[in-house]
There are 2 protein chains.
Amino acid sequence: VTTLSDLDTPALLLDADRLDANLAGMRRRAADLGVALRPHVKTHKSIDVAQRDAAMPGPITVSTLREAEAFFAAGHRDILYAVGIAPHKLDHVSRLRAAGCDLKIVLDNLETAHAVAAFCRTRAVTMPVLLEIDCDGHRSGIKPCDPSLLTHAGVLQQGGALLTGVMTHAGESYNCDSVEAIVAIAEVERAAVVESAAMLRAHGYACPTVSVGSTPTATYARHLDGVTELRAGVYAFFDLVMAGIDVCRIDDIALSVLVTVIGHQRDKGWIVTDGGWMAMSRDRGTAKQRRDCGYGLVCDTTGRALEGMKVSDANQEHGIVSGHATAVDLIGRHPVGSMLRILPNHACATGAQHDRYHVVRGTSLAVVDEWERFRGW
Amino acid sequence: VTTLSDLDTPALLLDADRLDANLAGMRRRAADLGVALRPHVKTHKSIDVAQRDAAMPGPITVSTLREAEAFFAAGHRDILYAVGIAPHKLDHVSRLRAAGCDLKIVLDNLETAHAVAAFCRTRAVTMPVLLEIDCDGHRSGIKPCDPSLLTHAGVLQQGGALLTGVMTHAGESYNCDSVEAIVAIAEVERAAVVESAAMLRAHGYACPTVSVGSTPTATYARHLDGVTELRAGVYAFFDLVMAGIDVCRIDDIALSVLVTVIGHQRDKGWIVTDGGWMAMSRDRGTAKQRRDCGYGLVCDTTGRALEGMKVSDANQEHGIVSGHATAVDLIGRHPVGSMLRILPNHACATGAQHDRYHVVRGTSLAVVDEWERFRGW
């Protein structure tokens, strides 16, 4: 049996027990809300991870066409590419659709609507399109109920593209500092698409899909009346940013990075490890939260959080762990060669630094499996 | 001929002309200083990139044993692994050495010195070791001229390991806010190892190698008397952090990310692109500099900087470009489907998000080659 001490470090660990609980939790939540769940696989980019969800293969959301390729090859057909389509990517989308993938695209401007319409006309193909709604000023999207929604719908319909609905993402929910704020933004997110869909329907566009999603709003929305599907991704692993806004507990975080102590700076109370930003990513998502977790919180090898200890700084292949009570303790308890587990600020970013998950379960040190992840575009 | 418009985006671009000039510049600099150059390949992790340097294959520095493996396989023998060795990695080091790789390791504490000595005794092998000196309190290392240097040397020698020298890295040079400050820290870096080597020699340890290095100090050191070799990495590509401390010009930066405009938020003056943090990395190294470049500065496809434009925010696969004068200009000049090139804050971090370089030359839009890079540990 392989154990943690057999792994080369730094190494990405995934606690399958926590993963399973997180996946099941969001399935229950979607059922309670009465909506379909369309998980966002950008967080894990792994067929093996997706398959832990009993409802898979099933509808998914992707952030790249590479993800669409990989998940289609693994048996997923119903795929939403949730980043505004660039016109030169339509050819790639069309190849996937011709191969049998029910790939849907997203757009938020007339230039792209015209490009999609022209593509469909020229190629004599149809292409399902969702209009992106900007519910919170966070990034892309057309303003809710903006009259131009009808122009977009008209352009698409005339071109032979298929307007299948509206979608939005409450990106600002990550910046909320209270559950009440998340509840409020969840309602803003819901209303933005439900009202936009109503407007389109009032003008004769069927608009069957009404899609919302972010892990915080999915967790705390009071209701999702009028919404048909929920997209969320980071809930599979959770992370310190989510814990910092009370969307999960620290003990729900399924992802960590195993590192080895390579030295100490006794006078400063530092433990130096081989887990730098290459292993953790440069994400500092907790920097503006109530609790700044540096480059990650520190656990022992069983996954138990070590009170007050965090990765306070990181170079490419060096992590500096500080916060321990006394320097004597520090070196005695964490000698050179001993290992620690670091919880990530942002699971999507930390995962992306690695090619595989070493699978563990609960507090056991046994490595029970190895799951590949992919990357690129 | 492939041109930029044939590439899927986001895509990593490398200007071979700038790369060649940067590589040659540091070779000249090392020659002027009278020291050997041991380039740090952690920046590019690419055999193809290394081979642009006329002096390659030759001595190199690595940050992971994966790099040591890959570069040894490509004909490099003289390799310094410049991250403090973890005892469980000695077996891997020893396998590489047995295969003919002259791999040298680094340590900064007695626990590791004893572990290396015991390993050498037990396996009846020798292993060249450099003691790491902490010249600026940045991360690892023994204080310059600390009496414990002699204890370390003694432990290593008795075990059959080979003390070959001392090394340091002035990591704080990245935080300097003037050339004068870099000049000063370069002298601190030089003195730290030269004086430590003198102390070891006075006690009978030959200490042939005296190694310093960082791109800023390599660029501005007044002299390197007593130093035998220079390590530096990011000079191959340069980046906005280096430009921000006057170590290079913006026009020396060889690395960029090609992105496509996917939409606009007209009221805010935003261009939305498909180049998010997955393509740029989460590195915000310029955040504390005089000029905060966000997630990168924006150029046209020929590499010409667009005054005042930067990636002001980034999601996983969305970049928000702002800073353009007027919204009319913005959409007129940068319509959906057009491409931009983004200069990175930190070349090591941005490069690590990609698997290959698309090679360009100067202002030409032709893609003349594709070079692989690797990652992992």
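Within the range A:10-18, does at least one residue satisfy the condition of being under 21 Å from A:G171 (Cα atoms), in contact (Cβ under 8 Å) with a residue 12 or more places away in the chain and open to solvent by 20 Å² or more (accessible area, probe 1.4 Å)? Checking the range A:10-18: not a single residue is under 21 Å from A:G171 (Cα atoms), in contact (Cβ under 8 Å) with a residue 12 or more places away in the chain and open to solvent by 20 Å² or more (accessible area, probe 1.4 Å). If you go through the range A:214-243 and pick out every residue that is open to solvent by 30 Å² or more (accessible area, probe 1.4 Å) and closer than 13 Å to A:E187 by Cβ, you end up with 5.
Scanning the range A:86-133 for residues that are more than 27 Å from the chain's Cα centre (by Cα), at the interface with another protein chain (Cβ under 10 Å from one of its Cβ atoms) and free of Cβ contacts under 8 Å to residues at least 40 places away in the same chain yields A:E111, A:A115.
Annotation: of all residues in the range A:296-310 being surrounded by fewer than 17 Cβ atoms within 10 Å (Cβ to Cβ) and of a type in the set (D, E, K, R), the one that is nearest to A:R18 (Cα to Cα) is A:R304.
Can B:D32 be described as away from every other protein chain (no Cβ under 14 Å), over 17 Å from B:V368 (Cα atoms) and either open to solvent by 10 Å² or more (accessible area, probe 1.4 Å) or small (G, A, S) (or both)? Yes: the conditions hold for B:D32. Checked against (1) open to solvent by less than 10 Å² (accessible area, probe 1.4 Å); (2) within 14 Å of chain B (Cβ to nearest Cβ); (3) not in a helix (DSSP H, G or I), A:S256 passes all but a single condition, namely (2).
Can you find a residue that is of a type in the set (D, E, K, R), at pLDDT 95 or above, touching a Leu at 6+ places or on another chain (Cβ under 8 Å) and open to solvent by 20 Å² or more (accessible area, probe 1.4 Å) anywhere in the range B:346-358?
yes
Could we say that B:R66 is surrounded by fewer than 23 Cβ atoms within 10 Å (Cβ to Cβ), more than 12 Å from chain A (Cβ to nearest Cβ), basic (K, R) and over 13 Å from the mean Cα position of the chain (by Cα) here? Answer is no for this residue.
So which of B:R52, B:R77 ends up being closer than 29 Å to B:V367 by Cα and either surrounded by 22 or more Cβ atoms within 10 Å (Cβ to Cβ) or more than 14 Å from chain A (Cβ to nearest Cβ) (or both)? Selected residue: B:R52, the only one of B:R52, B:R77 that is closer than 29 Å to B:V367 by Cα and either surrounded by 22 or more Cβ atoms within 10 Å (Cβ to Cβ) or more than 14 Å from chain A (Cβ to nearest Cβ) (or both). Restricting attention to the range A:98-127, the residues that are open to solvent by 10 Å² or more (accessible area, probe 1.4 Å) and either closer than 24 Å to B:Q316 by Cβ or of a type in the set (S, T, Y) (or both) add up to 8. In a helix (DSSP H, G or I), of a type outside the set (A, V, I, L, M) and buried (at least 24 other Cβ atoms within 10 Å of the Cβ), is that true of A:S211? Against the criterion (in a helix (DSSP H, G or I), of a type outside the set (A, V, I, L, M) and buried (at least 24 other Cβ atoms within 10 Å of the Cβ)), A:S211 does not qualify. Test A:G323 against the stated conditions and say whether it is touching a strand residue (DSSP E or B) at 6+ places or on another chain (Cβ under 8 Å), open to solvent by 30 Å² or more (accessible area, probe 1.4 Å), farther than 30 Å from B:N315 by Cα and modelled with pLDDT under 95. Yes. Name the residue that is nearest to A:G204 (Cα to Cα), counting only residues in the range A:133-155 that are of a type in the set (D, E, K, R) and open to solvent by 10 Å² or more (accessible area, probe 1.4 Å). Here the answer is A:D146. Only residues that are open to solvent by 10 Å² or more (accessible area, probe 1.4 Å) and more than 25 Å from the chain's Cα centre (by Cα): list them for the range B:182-203, please. Within the range B:182-203, B:E195, B:A198, B:M199, B:R201, B:A202, B:H203 qualify. Checked against (1) touching a residue at least 40 places away in the same chain (Cβ under 8 Å); (2) more than 24 Å from A:Y295 (Cβ to Cβ); (3) open to solvent by 10 Å² or more (accessible area, probe 1.4 Å), A:A170 meets all criteria but (3). Scanning the range A:185-203 turns up no residue that is at pLDDT 95 or above, touching a Phe, Trp or Tyr at 6+ places or on another chain (Cβ under 6 Å) and not in a helix (DSSP H, G or I). Yes or no: B:K143 among the basic types (K, R) and either more than 9 Å from every other protein chain (Cβ to nearest Cβ) or without any contact (Cβ under 8 Å) to a residue 24 or more places away in the chain (or both)? Considered against the rule, which asks whether it is among the basic types (K, R) and either more than 9 Å from every other protein chain (Cβ to nearest Cβ) or without any contact (Cβ under 8 Å) to a residue 24 or more places away in the chain (or both), B:K143 comes out as yes.
The values are calculated or read from the model by the stated rules, or taken from the named source; none is laboratory data. All figures in this text were calculated on a predicted structure; none of them were measured in a lab. Ideal geometry is used to build each Cβ from the backbone, glycine not excepted, and the neighbour counts take in all protein chains shown. Only protein heavy atoms, including side chains, enter the accessible area calculation; ligands, DNA and RNA are left aside. Shrake-Rupley method; radii C 1.70, N 1.55, O 1.52, S 1.80 Å.
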